[in-house]
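Structure record follows, encoded as structure tokens.
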């Protein structure tokens, strides 16, 4: 499967501009199977959802469905979403046929106050595309390995993020740890630029294999398009040759 990761600069709280900019980048791409965008790619990581959140079936989801159909590609990215009077940091995974799955961010960034404005998700979500089972995760989820533990039910983790430069080494280290310990691919998309509280010059958008090796990565401090291929047969062969997951500790998930 060919994957394209778009490390974009996000104009603060301007979804029309940001969708148009992403559309320009997508129009420049060669054929790919999956496009992944950053966390809150239409607004930036805004902690005032009353100003920027969209209804669950509103503009950005419909835009993503249009892109998926027109380009014959799956597309994923998170959007501040309002549903039944609550606000969610919601990751949409949209397939070419218009069907889609959603994951609401489980671990809200309490250090920044996200937990006071948004509602945490309560479901671990795995989607299937092009023969891969894909676990959906958002930014701060990366710091919580129990939630992402592979029990044999996925082949790749997707992380979408607004991860600031000051903590970029943690991002880089933990992404490789998740790939190694779960014997899976990891596709991680960070943003670039800055918002009213943080700078995102560290880059960090990367595609990693099950050894923790980099398949493709972004340049720091700029918008960038990262592409790479992953192979389910190679992954399955590795798991059979080195079945470390069979020796994992048994535990009960909290959700």
Tell me, yes or no, whether segment 8-23 has at least one residue that is closer than 27 Å to residue 128 by Cα and touching a strand residue (DSSP E or B) at 6+ places or on another chain (Cβ under 6 Å).
no
Any pair with Cβ under 7 angstrom, 6 or more apart, that starts in segment 190-208 at a residue that is in contact (Cβ under 8 Å) with a residue 24 or more places away in the chain and on the phi > 0 side of the Ramachandran plot and ends at one that is surrounded by fewer than 19 Cβ atoms within 10 Å (Cβ to Cβ) and in a loop (DSSP other than H, G, I, E, B)
203/219; 203/220; 203/221
Residue ID - surrounded by the fewest Cβ atoms within 10 Å (Cβ to Cβ), chosen from residues in segment 110-126 that are touching a residue at least 60 places away in the same chain (Cβ under 8 Å) and within 30 Å of residue 32 (Cβ to Cβ)
123
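Could you check segment 2-32 and list, in sequence order, the residues that are closer than 13 Å to residue 226 by Cα and modelled with pLDDT of 95 or more?
Going through segment 2-32, the residues closer than 13 Å to residue 226 by Cα turn out to be 2-8, 25-26, 28-30, 32.
Hits for segment 2-32 are 2, 3, 4, 5, 6, 7, 8, 25, 26, 28, 29, 32.
Every residue, every condition in (1) crowded, with 22+ Cβ neighbours inside 10 Å; (2) part of a loop (DSSP other than H, G, I, E, B); (3) more than 18 Å from the chain's Cα centre (by Cα), yes or no:
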| residue | (1), (2), (3) |
| --- | --- |
| 12 | no, yes, yes |
| 22 | yes, no, no |
| 25 | no, no, no |
| 35 | yes, no, no |
Select, from 65, 106, the only residue that is outside any strand (DSSP E or B), buried (at least 17 other Cβ atoms within 10 Å of the Cβ) and touching a residue at least 60 places away in the same chain (Cβ under 8 Å).
106
Which of (1) assigned to a loop (DSSP other than H, G, I, E, B); (2) buried (at least 21 other Cβ atoms within 10 Å of the Cβ) does residue 77 not meet, given it meets every other one?
(1)
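The values are calculated or read from the model by the stated rules, or taken from the named source; none is laboratory data. None of these values were measured; they are calculated from a predicted model. In this analysis, Cβ positions are derived from the backbone assuming ideal geometry, glycine residues included, and neighbour counts consider all displayed protein chains.
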